[in-house]
1. Mind checking which residues of segment 17-70 are of a type in the set (Asp, Glu), more than 24 Å from Ala90 (Cβ to Cβ) and out of contact with any strand residue (DSSP E or B) (no Cβ under 8 Å at 6 or more places or on another chain)?
2. What number of residues within segment 74-108 are open to solvent by less than 40 Å² (accessible area, probe 1.4 Å) and within 16 Å of Val47 (Cβ to Cβ)?
3. Any idea how many residues of segment 81-123 are of a type in the set (Lys, Arg), part of a loop (DSSP other than H, G, I, E, B) and either more than 19 Å from Ile63 (Cβ to Cβ) or free of Cβ contacts under 8 Å to residues at least 60 places away in the same chain (or both)?
Amino acid sequence: EPASGRAALTLPTVSTAQLAVRDGVVLAGELDPAALDALEGTGAVIVDLTTGAEAASTERDRIAALGLEYHNLPVYGPILERDHLRELAALLGDRGDVPVILHCATGNRAAMVWAALELDRGEPLESV
């Protein structure tokens, strides 16, 4: 059981590149459309970091059809603005038992953004 005292959340595999980084938070690459159905009823929040050229409207539509919360916050390259981090931090804040999937095309930006958020929260570099 995690330090929060809650039972650990188990999320289905939604991407071939997927890593659980905290209870209920998963970093992922491109989401498998067939796997999205397994998220129905979980209340999951999907934060999509892909840009307009990459973002798949079919993904957004499918997520909405499943009754899940979807946010597209595009990250262009390795530079993050502080306001962008604040917006992401608010989306990823304490959501209780609601799982959050932070994804991009390959998982690289998701990992970079997660590391930046953790460092911004004061986590030591060694633990990020």
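The values are calculated or read from the model by the stated rules, or taken from the named source; none is laboratory data. On a predicted model such as this, the values are computed, not experimentally measured, just so you know. Here the Cβ positions follow ideal geometry from the backbone for every residue, glycine too, while neighbour counts run over all protein chains shown. Ligands, DNA and RNA are excluded from the accessible area calculation, which covers all protein heavy atoms including side chains. Shrake-Rupley method; radii C 1.70, N 1.55, O 1.52, S 1.80 Å.
1. Asp32, Asp37, Glu40, Asp61 - these are the residues of segment 17-70 that are of a type in the set (Asp, Glu), more than 24 Å from Ala90 (Cβ to Cβ) and out of contact with any strand residue (DSSP E or B) (no Cβ under 8 Å at 6 or more places or on another chain).
2. Of the residues in segment 74-108, 15 are open to solvent by less than 40 Å² (accessible area, probe 1.4 Å) and within 16 Å of Val47 (Cβ to Cβ).
3. Total satisfying the criteria: 1.
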